[in-house]
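Reviewing the structure listed below.
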Amino acid sequence: MNNKGKITSYQLFSLIIGGFIGPGFLKMPNILAQTAKQDAWIATIVALIYPFTMILLCCYIAKRVGSRDIIDVTKDYMGKYLGSIVGFLFLLQCLIFTVTITGDLISISETYVVGFLTPLKITVIGFFISIYTASKDIDTISKVNELIVFFIFMLILLSLSSFKNLNLLNIQPVLGSGIKNIALASKDTAYFYLGAEVLLFFNKYVFPRENILKYSLLSIVFSTIIWVSTTLITLLFLGPDIVLKSKWPFIYVYSTVNLRIISNFMYIFIYIWSFIIFNCLGTYLFMGLEMLSTLTTLKKRNLTIILTPLLFFFALILYKQKYRSYFMDIFSSSYVLFNYIYVLSLILLIKIRDKKTKNI
């Protein structure tokens, strides 16, 4: 049997992680510490309710709809017009992610890479690479994401070199910030924890399908280890006060990595991380264009030509902090609510149709 255009369960595992782990979690300790202080790592655990419940709901839908395209499924169960609107809102988050991730790329590069790369040049490079990646097929996208999982795993292992410099006093007293602040901080993880929904898109490519639930849950477990360890190690290494002074505090953990052939590993980390960002951009753009092509019946090439200038323009605007923070708060909270309503509505409609079918 020809499996070209299909992915394995392990590749699905890699793609879901690629949807979860983007540039944002480098700054997650800073965002959460603003409210939860030394208890920011606890907030990352509390907030896991969203990705775990979302992946279970998406797995249920995947099991019931089989290898059908999610846009076609939405139109089938919600009707042509309402389904098209809801499908568009669902795919829109993929395009928004390409904009926000590009903003993160600009911010990191300006601070840690080289000064002669202006925001415009960085955006051009990021979009060129992401567009090239998005133009490839699912086989290429999945193989790149497999490589990304390896990179992420190795980077987390290397961060453990800071172990001798970690101080337990930096996270004490535990629960000292108060339950209310921990709960409020967990709400701020919304942007970082969006991503389980990519299963609904990649579901149609998976073959064989027996282990979708198993590998989807494993992807959440892997991502959980990354989220919690990143925040916990950063707090133990820097302390909450210093974490608040750096926008991307996790990067400084790599100042302790000492390799004979590399004088400053932190810069190597930045370049590796840029590759991870480019992959994340390409993956989300691939999904957005594929779903939009299904929805509009326009070719991907034409959609790329139309959308690239718009995405490019908004990336440059939202890179500015005064616009970015406000937009991200609205985007994150809105899509957490939307995704819940969307998947729960699909599940309800599936159950209603199944009940009617049994009664016939």
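Here, each number is a calculation from the coordinates, and none is a lab measurement. This one's a predicted model, so the numbers in the text were calculated from it and none came from an experiment. So basically every Cβ, Gly included, is an ideal-geometry build from the backbone, and we count neighbours across all protein chains shown.
Key figures for this structure:
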read-out	value
Inter-site label distance for Ile225 and Asp137 at 7 Å from Cα along Cβ, in nm	3.3
Length gained when the stretch Ser334-Ser246 is fully extended (0.36 nm per residue, less Cα-Cα span)	29.0 nm
Computed helical MRE - 222 nm, the chain, DSSP H runs ≥ 4 contributing -39500 (n - 2.57), nearest 500	-24500 deg cm²/dmol
Estimated vicinal HN-Hα couplings, Hz - the stretch 240-252 in sequence order (Karplus 6.51, -1.76, 1.60; Gly, Pro = x)	x, 5, 6, 4, 5, 8, 10, 6, 10, x, 4, 4, 6
The chain: DSSP helices with Cα axial extent of at least 27 Å and average Kyte-Doolittle hydropathy no lower than -1.0	80-112, 138-159, 212-238, 265-296, 321-359
Neighbour net charge for Asp188 - beta-carbon separation under 15 angstrom, K R +1, D E -1	+4
Residues with amide H under 5 Å from that of Val206, placed H, sequence gap 5 or more	Ile7
Among Val243, Phe201, Thr230 the positive-end extreme of the charge dipole of the stretch 183-249 (Cβ point charges)	Phe201
Residues listed by number, the stretch 28-48, amide nitrogen under 16 Å from Lys180 label point at 7 Å toward C-beta	35-37
Given charges at beta-carbon only (K, R positive; D, E negative), |dipole| of the stretch 179-330 in Debye	260
Flagged links, alpha-carbon separation over 31 Å, of Lys187/Lys355; Lys300/Lys358; Lys75/Lys136	Lys187/Lys355; Lys300/Lys358
Tensor-based shape of the stretch 1-142 (alpha-carbon gyration tensor, a/c under 1.5 rounded, otherwise prolate or oblate)	oblate
Sorted by Cβ density within 10 Å, fewest first, the residues Val206, Val144	Val144, Val206
Check: the chain dipole with +1 on Lys, Arg Cβ and -1 on Asp, Glu Cβ, in debye	680
Extreme residue, positive dipole direction of the chain, given options Tyr284, Leu48, Pro29 (C-beta unit charges)	Tyr284
Ranked list, fewest to most other Cβ atoms within 10 Å of each Cβ, for Asp329, Asp241	Asp241, Asp329
Stokes-Einstein diffusion coefficient of the chain, Kirkwood radius over Cα pairs, 20 °C, 1.002 mPa s, in µm²/s	101
